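Peer 1: Supplied in structure tokens, the structure appears directly below.
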Amino acid sequence: MSGRHVTTGKAADALGVSLTTLQRWAHQGLVTPALRTAGGHFRWDLDDLRGQLRAMDRTAQHDATKPEPQPVVAAIVTSQHGVLVGRRNDGKPPWTFIAGEIEPGESPADAGIREVKEEAGLQVEAGQEIGRRVHPATGRTMIYMAARPSHGTDIFVGDHDELAEVRWVTLAQADQLMQPHGMFGPVREYLTRMLH
């Protein structure tokens with residue numbers, strides 16, 4: 001083995017970071033070791049590693065200047081017919097709650113009300129925020145908001161570019177349609193209470 005190749009511990013010390021930080025960067029694919037031993041241990045070329053970190057830093061600086069995408073609000077609309085879902089034309093994901101980007105200056109509640117009217121032709125009143133997360137498939141910040149119809153429950157596809165179908169479904173049907181990613185836990189708990 002070349003004398004230039006050092007252990008993860010020595011590489012971390014040389015960089016002034018913790019061993020676990022360097023291991024995490026490697027497992028995330030942010031940095032690549034010079035080689036891997038037969039026992040699966042990383043070995044590092046310090047000059048190469050410093051070059052990778054400089055490149056990573058430039059990328060991070062570039063990313064920091066990009067505008068942050070607006071959060072997406074998902075309206076969890078419930079009625080005596082079930083919960084409102086839509087089938088997306090792009091299939092990403094195939095079925096979803098009625099959702100859309102919050103426009104600048106708009107509250108999550110206002111965005112949810114607007115999206116449901118535009119996409120399903122339904123007037124709703126916003127309820128409480130159910131929860132937030134970074135969506136595992138899209139990486140977008142999602143805000144889940146409860147809503148109830150305020151003027152009847154008739155629905156239709158209002159945005160044919162985005163949705164192929166809108167419908168009221170039971171919790172069991174929603175569970176089935178929302179595969180493979182499944183439903184966000186707090187949303188499912190909320191629907192369990194609302195659709196008993």
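Peer 1: Once the piece of chain linking Gln173 and Arg133 is laid out straight, how much longer is it, given 0.36 nm per residue of separation minus the C-alpha distance between them?
Peer 2: 12.1 nm
Peer 1: Return the percentage of antiparallel bridges among DSSP beta bridges fully within the chain, rounded to the nearest 5 %.
Peer 2: 80
Peer 1: Another question about this same structure. For Asn89, what residues show an amide H to amide H distance below 5 Å, using hydrogens built from the backbone and excluding near sequence neighbours?
Peer 2: For Asn89, whose amide H was placed from the backbone, the distant partners under 5 Å are Leu163, Ala164.
Peer 1: Follow-up question, since we're still on this one. Search the structure for amide H atoms under 5 Å from the amide H of Ile98, placed 1.01 Å from N in the peptide plane, and list their residues when 5 or more places away or on another chain.
Peer 2: Amide H to amide H, under 5 Å and 5 or more residues apart or across chains, Ile98 pairs with Ala75, Val77, Gly86.
Peer 1: Distance between the C-alpha centers of region 1-41 and region 135-196? Whole Å please.
Peer 2: The distance from the Cα centre of region 1-41 to that of region 135-196 comes to 44 Å.
Peer 1: Using the Kirkwood formula over every pair of different C-alpha atoms, what hydrodynamic radius in Å results for region 72-194?
Peer 2: 14.1
Peer 1: Relative to the longest principal Cα axis of the chain, at what angle does helix 46-65 sit, 0 to 90 degrees, rounded to 10?
Peer 2: 30
Peer 1: What percent do you get for the relative contact order of region 72-194 when only Cα pairs under 8 Å and 6+ apart count? The partial results should precede the final answer.
Peer 2: On the way: 248 pairs, mean separation 39.8, N = 123.
Reported as a whole number, the value is 32 percent.
Peer 1: Taking the highest mean first, how do the peptides 82-88, 29-35, 42-48 order by number of other beta carbon atoms within 10 angstrom per residue? Write down the numbers at each step before the final one.
Peer 2: Details: 82-88: 20.7, 29-35: 15.1, 42-48: 17.3.
Result, highest mean first: 82-88, 42-48, 29-35.
Peer 1: Among 150-161, 182-193, how do they line up from the highest to the lowest mean number of other beta-carbon atoms within 10 Å? The partial results should precede the final answer.
Peer 2: On the way: 150-161: 12.7, 182-193: 15.5.
In descending order of packing, they fall as 182-193, 150-161.
A short reminder: the numbers here are calculations on the coordinates, not readings from a lab. All figures in this text were calculated on a predicted structure; none of them were measured in a lab. With ideal geometry, Cβ positions are generated from the backbone for all residues, glycine too; neighbour counts draw on all protein chains shown.
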